[in-house]
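Novice: The structure follows.
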Amino acid sequence: MTDRADAPWPGSKANALLTLTETGMLLYWLLAALMATGLLSLPPQWMYPDHTQPVMVAWNWSFFPIDALFALLGLSARFAVKDAARQQVLTVCALSLMFCAGVMALSFWIIQGSFDPLWWGMNLWLVILPVGVLARRLWQAPQPLSV
């Protein structure tokens, strides 16, 4: 993946990691929908703790809007929008939502006193990746954003 010359978030590694993360999130929700409709069954050890409890199912689905939104905004910023200012706004929104989704999930698991390395790892990634991308951008002396 190469960077477009006008991309407000240069760095092919960052773009690739964001694209993989956002695409992975959309695939997660496709799998969740297939499981919810009974069209797919996954091993219980791949699932989050208490994944069959109605409150936990509702908790999981409460993340769908924020997850889908960060994924779609991020992918749109890199692949659909040509204007650099709009790309920047969409990217900041996507990264902010990604961070919030990760922090919310980790906060819940902390409150529950539950630790599953798989789920903690994925949600830590949702916190670390946007912080790293935003920090890198801030250290590169960004141009003022005109909205």
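Taken together, the values in this text are just the output of simple stated rules run on the coordinates, not laboratory data. These numbers were taken from a predicted model, which means no experiment stands behind them. Using ideal geometry, Cβ is built from the backbone for each residue, glycine included, and neighbour counts are taken over all protein chains shown.
Novice: Roughly how many debye, to the nearest 20, is the charge dipole of region 38-147 about its Cα centre, given +1 on each Lys and Arg Cβ, -1 on each Asp and Glu Cβ, and no other charges?
Specialist: Approximately 480 debye in magnitude.
Novice: Describe numerically, in nm with one decimal, the distance between label points set 7 Å from Cα along Cα→Cβ at H51 and at Y28.
Specialist: 1.2
Novice: Filter the DSSP H helices in the chain by two things, a Kyte-Doolittle mean of at least 0.5 and an axial alpha-carbon span of 24 angstrom or more, and list the hits by number.
Specialist: 12-36, 84-112, 117-139
Novice: A further question on this structure: How far, in nm, would the chain grow between L17 and D83 when pulled straight, counting 0.36 nm per residue and subtracting the alpha carbon separation?
Specialist: Fully extending the segment from L17 to D83 adds 21.6 nm.
Novice: Kindly state, as a whole number, the per residue volume in cubic angstrom of the convex hull around the alpha carbon atoms of the chain.
Specialist: Considering the Cα atoms of the chain, their hull volume per residue is 127 Å³.
Novice: Something else about it: Residue separation times 0.36 nm, minus the C-alpha to C-alpha distance between L118 and C93: what's the value?
Specialist: Working it through step by step, the gained length comes to 6.4 nm.
Novice: Of all chymotrypsin sites (Phe, Trp or Tyr not before Pro) in region 98-139, which ones are in loop regions per DSSP and have a Cβ with at most 13 other Cβ atoms within 10 Å?
Specialist: Sites meeting the loop and neighbour criteria: F115.
Novice: Can you tell me which of 52-59, 39-46 comes out highest on packing, and rank the rest after it, using the mean Cβ neighbours within 10 Å?
Specialist: 52-59, 39-46
Novice: In nm, give the distance between the simple-model label positions of V131 and A58, each being 7 Å from the Cα along the Cα-to-Cβ direction.
Specialist: 3.2
Novice: What FRET efficiency would be calculated for the residue pair I66, W139, taking the C-beta separation as r and a Förster radius of 41 Å, to the nearest 0.05?
Specialist: Efficiency at R0 = 41 Å is approximately 0.90.
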